[in-house]
Amino acid sequence: MKKIMVLLVLAIFALPVVGQAHTTLSSSTPAEGSVVAETLEEVVLTFGTVIEQGSTMTLEREGITYDFEEITFSSEVMTGAIKEELPNGSYTIQWKIIGVDGHPIEGEVPFELAVEVAEEVQVVEDSEVKTEGEPVVEKASATEEQSAQATETTEEDGGNMLITILLILAVMVIGFIVFRLLKKK
């Protein structure tokens, strides 16, 4: 009986390691589904483990591929410097990495680029003249955008933690059932 309990305890501690054996994308800048309102100078992908050299990423828009000027690796982070100003539109970051476990993994991060184009001085003067009843539209500040990206990252991390907790609870329930069955004998 003691052997079964020891094996059960070992299984509980081994499950989180087995469940998270492969590399995952932890966060990205720009975040998945975000709308970037500033000129994009770099893309940063953060993974759940150390990534190996030979990993790559590209930026795609409507069949056009934009290569990065330089891609650097720093432990769990892959950063790509953008060499040209990108036009507004929908983009996808295509990434292929090799994790420390040796498994190649690939994925994509869609986002939208909507940089406000500077207009003539006359347009600014016209926009300053407001008519009565015209609604005032405020734009989200950079701090609000960063807060939204941090919330997305926290939600992703919380999802991984929830899966781990559910796996542990399932093993505990199965262990309890096995214990009760063996106790009846």
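Report, by residue number, each residue of region 32-58 that is in a loop (DSSP other than H, G, I, E, B) and not hydroxyl-bearing (Ser, Thr, Tyr). Please lay out each step first, then the result.
Initial filter on region 32-58 (in a loop (DSSP other than H, G, I, E, B)): 32-34, 37-41, 48-50, 52-55.
Scanning region 32-58 gives Glu32, Gly33, Ala37, Glu38, Leu40, Glu41, Gly48, Val50, Glu52, Gln53, Gly54.
Each residue in region 59-96 was checked for being part of a strand (DSSP E or B), in contact with an Asp or Glu (Cβ under 7 Å, 6 or more places away or on another chain) and of a type in the set (D, E, K, R), and 1 of them qualify.
Values quoted throughout were computed directly from the atomic coordinates according to the rules given, and no laboratory measurement underlies them. Owing to the predicted nature of the structure, the values given are computational and were not obtained by experimental measurement. Using ideal geometry, Cβ is built from the backbone for each residue, glycine included, and neighbour counts are taken over all protein chains shown.
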